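A short worksheet on the structure shown next.
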Amino acid sequence: MNSTKTIGIIGGGQLGQMMAIAAIYRGHKVITLDPAANCPAARVSEVIVAPYDDVAALRQLAERCDVLTYEFENVDADSLDAVADLADLPQGTRLLRISQNRVHEKEFLSSTGVDLAPYRVIRSSSDLGNYDFSVKRVLKTATGGYDGHGQVVIRDEESLATARDLADKTLCVLEDFVPFTMEISVIVSGNGTDLTLFPVQENIHRNNILSKTIVPARISQDLADKALQMARKIATEVQLSGTLCIEMFVAGSQILVNEIAPRPHNSGHYSIEACDFSQFDTHILGILGQPLPDIKLHAPAVMLNVLGQHMEAAQAFIQAKPSAHLHLYGKEEAKHNRKMGHVTLFSEEPDQVEEF
Ligand code: AMP
């Protein structure tokens, strides 16, 4: 039996690159689809250069691959369904469709019984009429938002006017602003039958972009168990294949689910060195329907993101601390706020590890 496969990855950014590396050392072949010939995955795989929604290119990818996966959730689900007769699509498109639209996402999450911040769907600015400022809320576009884009925190008349404009342009959800004490995430991988979970991760954002992840999260065992239980519930409900990240808020004794990403996630990068299997390893094992290992964290770890403006600081950091693992994704232009790489180190004192 030939157990090595050709895996097609839609999207050749850093997530596609790290997925490809996890696949390649298991003997698989990888082809990625990306609009940029010099994308990060080009370092480790053949690239079909085409827009993500180019059905002819997707078809070509599917014809040449045994299994298809994706590195990001804004892949056109209809186009994927259209090529599903040519290659296996173990993740299906249900979870993709759910995570592409905050209205679907919230309806789905509510149906699983996990807790979320109170919300309502906003179809136009008239749904914001007679606005009550007594509760702080945030308006989010249903589609297309990431890293805080497409969001307005409504604090006063001025931000309400901005929110009204947004609500007249596109479908939105209005949710209560959560006075969280911590943001956390849980990575879970599935093979269609069984699940494996990573330890709860504590996430610190700066300007809405992940800056630092601390593992394990500094929360009580009870809260950690609650978060893991919620992740398990969500993953079970979708008969998860591959890796899924669930982002949550800790507010007092409550855990509220914020959003889900049906793919490996920036907050799980520490797992490459700090766990015996990475979120990319379990993604590849999962989509191939292989047995999944229990995950062990070797020691408490910290991950720092390296953005375009941090390139020199990151180099200086590893000169001073050679036991830290620097990853650079091979992006040619170090633009401001562009994710260029990350650093993972073991540390029992995460507060002592300063962000770049
Ligand atoms: P999101 O795009 O939903 O992940 O939001 C980006 C960031 O905005 C989150 O990581 C939080 O820091 C913040 N945020 C989003 N929704 C809320 C909320 N309901 N309450 C408080 N902060 C929020």
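The values are calculated or read from the model by the stated rules, or taken from the named source; none is laboratory data. Because the structure is predicted, anything quoted here is derived from the model rather than measured. Methodologically, a virtual Cβ is constructed for each residue, glycine included, from the backbone with ideal geometry; neighbour enumeration extends over all protein chains shown.
A quick yes/no check of all residues on (1) farther than 18 Å from Gln239 by Cα; (2) among the polar types (S, T, N, Q):
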| site | (1), (2) |
| --- | --- |
| Val55 | yes, no |
| Cys65 | yes, no |
| Val75 | yes, no |
| Leu80 | yes, no |
| Pro90 | no, no |
| Leu95 | no, no |
| Ser99 | no, yes |
| Val103 | yes, no |
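Given the condition at negative phi and at pLDDT 95 or above, answer yes or no: does some residue in region 141-149 qualify? Yes, the conditions are met somewhere in region 141-149. Taking residues in region 155-176 that are farther than 18 Å from Pro118 by Cβ, and partners anywhere that are assigned to a helix (DSSP H, G or I), the pairs with Cβ atoms closer than 6 Å and at least 6 places apart or on different chains are Arg164/Ser125; Arg164/Leu128; Asp168/Ser125. For region 125-154: of the residues being surrounded by 13 or more Cβ atoms within 10 Å (Cβ to Cβ), more than 9 Å from the ligand (Cβ to nearest atom) and within 29 Å of the chain's Cα centre (by Cα), which is farthest from Ile260 (Cα to Cα)? That would be Ile154. If only residues of region 246-262 that are touching a strand residue (DSSP E or B) at 6+ places or on another chain (Cβ under 8 Å) and more than 11 Å from the ligand (Cβ to nearest atom) are counted, the one that is nearest to Ile284 (Cα to Cα) is Pro262.
Pro291 meets each of the listed conditions (1) buried (at least 24 other Cβ atoms within 10 Å of the Cβ); (2) farther than 25 Å from Pro179 by Cα apart from (1). Here region 1-18 is the region considered, the condition is being in contact with a His (Cβ under 6 Å, 6 or more places away or on another chain) and in contact (Cβ under 8 Å) with a residue 40 or more places away in the chain, and the residue that is surrounded by the most Cβ atoms within 10 Å (Cβ to Cβ) is Ile7. Candidates in region 161-184 are the residues that are of a type in the set (Asp, Glu) and near the ligand (Cβ under 10 Å from one of its atoms); of these, the one that is farthest from Val135 (Cα to Cα) is Glu183. Restricted to region 81-100, and to residues there that are in contact (Cβ under 8 Å) with a residue 60 or more places away in the chain and of a type outside the set (D, E, K, R), the residue that is farthest from the ligand (Cβ to nearest atom) is Ala87. A single entry from Leu285, Leu307 fulfils the requirement of being in contact (Cβ under 8 Å) with a residue 40 or more places away in the chain, within 30 Å of Gly192 (Cβ to Cβ) and among the aliphatic types (A, V, I, L, M): Leu285. Determine which single condition Ala56 fails, assuming it passes every other condition in (1) free of Cβ contacts under 8 Å to residues at least 12 places away in the same chain; (2) assigned to a strand (DSSP E or B). Every condition holds for Ala56 apart from (2).
With the structure loaded, tell me whether His283 is out of contact with any strand residue (DSSP E or B) (no Cβ under 6 Å at 6 or more places or on another chain) and in a helix (DSSP H, G or I) or whether it fails that test. So His283 fails the test. When you go through Lys335, Lys321, Lys331 one by one, which is the residue that is over 21 Å from Tyr25 (Cα atoms), surrounded by 15 or more Cβ atoms within 10 Å (Cβ to Cβ), modelled with pLDDT of 95 or more and more than 19 Å from the chain's Cα centre (by Cα)? So the residue among Lys335, Lys321, Lys331 that is over 21 Å from Tyr25 (Cα atoms), surrounded by 15 or more Cβ atoms within 10 Å (Cβ to Cβ), modelled with pLDDT of 95 or more and more than 19 Å from the chain's Cα centre (by Cα) is Lys331.
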